[in-house]
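Report on the structure given below.
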Amino acid sequence: MAVLVGFSGSLRRGSFNAALLRAAAAAVPAGSRLQIMSIAAFPLYNGDDEAAHGIPAEVAALKEAIAAADGLLIATPEYNNSIPGVTKNALDWLTRPAADIPRVFAGKPVALIGASPGGFGTILSQNAWLPVLRTIGAELWTGGRLMVSRAGSVFDADGAIVDARINDQLRKFMEGFGAFAQGGSTGNP
């Protein structure tokens with residue numbers, strides 16, 4: 001049984017990435033679970049604020065959840081061909097203080113998924129995450145990639161996936177990542 005934590009890198013109420021993350025939680029294999037957490041309350045990272053007030057409670061809660069989980073799933077949008085600022089800000093907070101990086105991220109299985117209204121999915125955003133994840137010592141699962149393009153036609157008004165092919169890809173992705181997070185095979189979909 002894999003215990004995974006995930007967050008969406010979009011704060012938008014009708015976010016395709018938040019919808020994709022909810023669908024991922026429903027697609028985990030039996031016996032596993034994906035706990036969805038939020039970065040919406042994270043303030044902008046400021047070293048002076050950290051020095052004066054410490055780590056915000058919302059940040060500490062997500063850090064502890066990641067440290068305790070078998071793996072981390074990030075649903076990343078793509079803004080201007082790269083990582084969204086709020087998502088990068090979240091990771092900047094999650095790696096503070098620097099002494100906590102090994103406890104929270106070293107060797108931690110991490111997977112990226114994403115949805116975009118454009119035709120390329122989130123390929124550039126997912127690629128931009130590579131040096132960041134490498135720097136913090138996370139172990140990126142590369143057994144599969146899930147980049148949902150033309151998301152407006154994949155999700156209905158309630159955020160449910162209406163494309164059977166994407167549902168199948170997501171199910172296989174979550175099976176593979178769950179196996180990887182448990183130390184099993186790469187589960188290549």
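The values are calculated or read from the model by the stated rules, or taken from the named source; none is laboratory data. The model shown is predicted, which means the values in this text are computed figures rather than measured ones. Positions of Cβ are generated from backbone atoms using ideal geometry, with glycine treated the same way; all protein chains shown enter the neighbour counts.
Laid out as a table, the results:
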| read-out | value |
| --- | --- |
| Within the stretch 3-19, considering residues that are modelled with pLDDT of 95 or more and either basic (Lys, Arg) or touching a Gly at 6+ places or on another chain (Cβ under 7 Å) (or both), the one nearest to Arg150 (Cα to Cα) | Asn17 |
| Selection from the stretch 131-145 of residues that are outside any helix (DSSP H, G or I) and at pLDDT 95 or above | Ile136, Gly137, Ala138, Glu139, Leu140, Trp141 |
| Qualifying helices (runs of 4 or more DSSP H) (wholly inside the stretch 26-128; at least 1 residues being within 16 Å of the chain's Cα centre (by Cα) and at pLDDT 95 or above) | 57-68, 85-94, 101-105 |
| Residue within the stretch 146-163 that is out of contact with any Pro (no Cβ under 9 Å at 6 or more places or on another chain), exposed (fewer than 14 other Cβ atoms within 10 Å of the Cβ) and farther than 18 Å from Ala18 by Cβ present | no |
| Selection from the stretch 1-25 of residues that are in a strand (DSSP E or B) and not hydroxyl-bearing (Ser, Thr, Tyr) | Val3, Leu4, Val5, Gly6, Phe7 |
| Residue check for Ala61: hydrophobic (A, V, I, L, M, F, W, C), closer than 13 Å to Met37 by Cα, loosely packed, with under 15 Cβ neighbours inside 10 Å and free of Cβ contacts under 8 Å to residues at least 40 places away in the same chain | yes |
